[in-house]
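*Asks:* Have a look at the structure that comes next, please.
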Amino acid sequence: MPAAHSLLHLAAPKSVAPTSTLSPAGAAHLRLLPSRRPQRLVTSCSSAHPDLAAFPNPNGLLVAEPAAAAPIDIDVATEAELRENGSRSTRRTKLVCTVGPATCGPSELEALAVGGMNVARLNMCHGDREWHRKVISSVRRLNEEKGYAVAVMMDTEGSEIHMGDLGGAPAAKAEDGEIWTFSVRSFEAPLPELTVHVNYEGFAEDVRVGDDLLVDGGMARFEVVEKLGPDVKCRCTDPGLLLPRANLTFWRDGSVVRAKNAMLPTITSKDWLDIDFGIAVGVDFIAVSFVKSAEVINHLKSYIAARSRGSDIAVIAKIESIDSLTNLEEIIRASDGAMVARGDLGAQIPLEQVPSIQQKIVKLCRQLNKPVIVASQLLESMIEYPIPTRAEVADVSEAVHQRADALMLSGESAMGRYPDKALIVLSSVSLRIERWWREEKHHEPLELEDVSSSFSDKISEEICISAAKMANKLEVDAVFVYTKGGHMASLLSRCRPDCPIFAFTNSTSVRRRLNLQWGLIPFRLTFSDDMESNLNRTFSLLKARGMIKSGDLVIALSDMLQSIQVMNVP
């Protein structure tokens, strides 16, 4: 057993070579360097395709089973980063990529995984279930055969008012002064010129002449000029690009008209079928659109538990409406995480309020120990252009500075011309701001709320807070946590220590789920209740693969033993 130090006799902090101070402004000087494709290190079995026994599972997916399980599993891209840059230089902020026509092929998905994608998001507004099944199968096969650990998130469509599919067209341009028809009638492709189908049957009854109609949170704006039965004639006042199934909101006298939206169900009949599909194929996260209350979240979690005993599927609440903000804390407490969907949210509240609302949600999620994703229009210009605007870089920097768990690409990765470059921008900016934060010693005095429901959990919570403080003061290289269900790793992530957290779990699904949380590097490792044996085995395995070295200072804890150990790697 390596020499361990008690809490009263701690090892002296290591001397750290002086480094130059970086400022956030440095993020503007961005070099888009191509990611190098990592090579999987195989220890106990070959990764060649013929050595994999493929078999169908009950969900209809083709799963590749290795001939023999490796003694320890880590995402191959993360392993390459650890070997090349060391543990303290790894990226802490996680990256979510929406998969679409531009990135649904196996080679495109692998390129995203190489670039640092932690979670692949599937938007159920687009594509049929067979298309989504193929994408999920490709992601799982990529994990099995190439050594990645990409999780899968399914995003429900929800019941808010939105446009149709534009008759199969990828987009339509609305020019200033044009008269467009928004109709509840169903049309066969091709659609009549300057015509859009609306999914809400009461649309023509609810709008009034003079109302403002916003498409996708203001990407285009129309004024209602005439109502003719099921058709609403609108004049374009702010030209823009109309995308399939874009969200629609209408404003009257300076306020969003939401009375009818509030009466629509959060989860529609289509959503329930999509949720059944997600349970069957084993997605890791289900994101629920336009959540209005905690009751909906609790109902869905009960449904998942009844349909899939022992399921690890996490429920993410999308905060994107006034109703969500009204019941914000109860929704976040009920959920397993939250998404700040700024596009739709910005269509229902004044734009100038969105930044402060984002900060409030991020802070509340951290207080309540729930991972939070900042989403929508982070790098919108990169749908068409190979570099971001300076304002977009500043926006990403602020989200990282707020210590959000994850950042999400939407159209940039789903249908953009430069998905790989957009991902590189998110990764590069995250690394730069995180490094600046550490070097400036910005240990914010955030008082974390007690989230424990039992005395035992309270002890674990206090241990994690103490371990994080010690890690910062001693400048340790990593915190090791052995966790069966992931809870203690989550508590450590909440504390945002300077060093990465090596989270060891024996569950493949828990490992993928931890991929969404700040600072966690999840490993799959079979371990026992004997911490001495666990540490010796872990040190041996990680040293053999070049991820740690002798002399590294680590703090170790587990959800089996309520204690903290500080030691140097032998």
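The values are calculated or read from the model by the stated rules, or taken from the named source; none is laboratory data. Keep in mind that what you see is a predicted model, and the values were worked out from it rather than measured. With ideal geometry, Cβ positions are generated from the backbone for all residues, glycine too; neighbour counts draw on all protein chains shown. The protein model used for the area step is the full one, side chains on, heavy atoms only, and it has no ligands, DNA or RNA in it. Shrake-Rupley method; radii C 1.70, N 1.55, O 1.52, S 1.80 Å.
*Asks:* To check you understand DSSP bridge types, tell me what percent of the beta bridges within the chain (both residues inside) are antiparallel, rounded to 5. Write down the numbers at each step before the final one.
*Replies:* Numbers: 40 of 86 bridges.
About 45 percent, rounded to the nearest 5.
*Asks:* For the peptides 402-409, 472-479, what is the packing order when you average, over each peptide's residues, the other Cβ atoms within 10 Å and list the highest mean first?
*Replies:* 402-409, 472-479
*Asks:* Right, another one. Would you mind checking Lys146/Lys549; Lys363/Lys473; Lys301/Lys458; Lys292/Lys484; Lys292/Lys318; Lys134/Lys301 for any pair whose Cα atoms are more than 21 angstrom apart? Don't skip to the end; give the middle numbers.
*Replies:* Details: Lys146/Lys549 25 Å; Lys363/Lys473 24 Å; Lys301/Lys458 24 Å; Lys292/Lys484 33 Å; Lys292/Lys318 10 Å; Lys134/Lys301 26 Å.
Those over the limit are Lys146/Lys549; Lys363/Lys473; Lys301/Lys458; Lys292/Lys484; Lys134/Lys301.
*Asks:* Would you mind getting the accessible area per residue of region 160-214, heavy atoms of the protein chains only, 1.4 Å probe, in Å²?
*Replies:* Numbers: 2820 Å² over 55 residues.
Using a 1.4 Å probe on heavy atoms only, each residue of region 160-214 averages 51 Å².
*Asks:* Which helices, counted as full DSSP H runs in the chain, have an axial Cα extent of no less than 27 Å and a Kyte-Doolittle average of 0.0 or above? Intermediate results must be reported in sequence, preceding the final value.
*Replies:* Details: long enough: 419-439 (30 Å, -0.15); 455-474 (28 Å, 0.09).
Both cut-offs are met by 455-474.
*Asks:* Going by average Cβ neighbours within 10 Å, how do the peptides 310-321, 155-166 rank, with the highest at the top? Provide the component values of the computation, followed by the final result.
*Replies:* On the way: 310-321: 22.2, 155-166: 20.4.
Put in order of decreasing packing, that is 310-321, 155-166.
*Asks:* Further, regarding this structure: May I ask for the Kirkwood hydrodynamic radius of region 316-363, worked out over all distinct Cα pairs and given in angstroms to one decimal?
*Replies:* Working: mean 1/r = 0.0945 Å⁻¹.
With all distinct Cα pairs of region 316-363 included, I get 10.6 Å.
*Asks:* Count the net charge of all other residues whose Cβ sits under 14 Å from the Cβ of Pro419, scoring Lys and Arg as +1 and Asp and Glu as -1.
*Replies:* Values: positive: Arg121, Arg417, Lys421; negative: Glu108, Glu110, Glu380, Glu384, Glu412, Asp420.
Net local charge, Pro419 excluded: -3.
*Asks:* A further question on this structure: If you restrict to DSSP beta bridges whose two residues both lie in region 167-262, what percentage is antiparallel, to the nearest 5?
*Replies:* Numbers: 25 of 28 bridges.
Of the beta bridges lying entirely in region 167-262, close to 90 percent run antiparallel.
*Asks:* Another question, if that's okay. Taking amide H positions as placed in the peptide plane 1.01 Å from N, state which residues far from Gly337 in sequence (5 or more) or on other chains have amide H under 5 Å from it.
*Replies:* Here Ala317 satisfy the definition.
*Asks:* Further question on the same structure: Using the C-alpha atoms of region 78-158, what convex hull volume per residue, in cubic angstrom, is computed?
*Replies:* Spread over its residues, the Cα hull of region 78-158 gives 87 Å³ apiece.
*Asks:* Give the Debye-formula value of log10 I(q)/I(0) at each listed q (0.18, 0.20, 0.22 Å⁻¹), with one equal scatterer per alpha carbon of region 251-315, two decimals each.
*Replies:* Those come out to -0.69, -0.80, -0.92, one per q.
*Asks:* Here is a further query. With the dipole of the chain worked out from charges on the C-beta (+1 for Lys and Arg, -1 for Asp and Glu) around the Cα centre, which of Val554, Ile463, Ser493 lies farthest toward the positive end?
*Replies:* Val554
*Asks:* Out of residues 5 or more away from Gly158 or on other chains, whose amide H comes under 5 Å of its own, with H placed 1.01 Å from N in the peptide plane?
*Replies:* Excluding prolines and chain starts, which carry no amide H, the hits are Thr268, Ser289.
*Asks:* Could you give me the ³J(HN,Hα) list for region 89-102, computed from phi with Karplus coefficients 6.51, -1.76, 1.60 and θ = phi - 60°, whole Hz, x at Gly and Pro?
*Replies:* The phi angles translate into 9, 6, 6, 9, 6, 8, 10, 10, 10, 7, 8, x, x, 7 Hz.
*Asks:* When the Karplus curve 6.51 cos²θ - 1.76 cosθ + 1.60 is applied with θ = phi - 60°, which whole-Hz ³J(HN,Hα) does each residue of region 336-342 get, with x for Gly and Pro?
*Replies:* 9, x, 9, 10, 8, 8, 5
*Asks:* I've got another one for you. With all protein chains present, how much of the accessible area of the chain (probe radius 1.4 Å) comes from carbon and sulfur, to the nearest whole percent?
*Replies:* Working: 12350 of 23630 Å².
In the chain, the share of accessible area belonging to carbon and sulfur is 52 percent.
*Asks:* If you take the charge dipole of the chain about its Cα centre, with +1 on Lys and Arg Cβ and -1 on Asp and Glu Cβ, which of Gly86, Thr266, Gly158 is farthest toward its positive end?
*Replies:* Gly86
*Asks:* Further, regarding this structure: What net charge do the residues around Ala314 carry, taking every other residue with its C-beta under 11 Å from that of Ala314, with Lys and Arg at +1 and Asp and Glu at -1?
*Replies:* Numbers: positive: Lys301, Lys370, Arg512, Arg513; negative: Asp284, Asp312, Asp336.
Result for the local shell: +1.
*Asks:* In µm²/s, what is D for region 343-495 at 25 °C and 0.890 mPa s, where D = kT/(6 pi eta Rh) by Stokes-Einstein and Rh is the Kirkwood radius from Cα pairs?
*Replies:* Details: Rh = 17.4 Å.
The diffusion coefficient I find is 141 µm²/s.
*Asks:* In Å², what does the accessible area per residue of region 352-435 work out to with a 1.4 Å probe? Provide the component values of the computation, followed by the final result.
*Replies:* Working: 3040 Å² over 84 residues.
Using a 1.4 Å probe on heavy atoms only, each residue of region 352-435 averages 36 Å².
*Asks:* Please compute the modelled spin-label separation between Lys484 and Glu201, points set 7 Å along Cα→Cβ, answer in nm with one decimal.
*Replies:* About 5.1 nm separates the two model spin labels.
*Asks:* Extent of region 191-269 along each principal axis, from alpha carbon coordinates, in Å, largest to smallest?
*Replies:* 31, 29, 26
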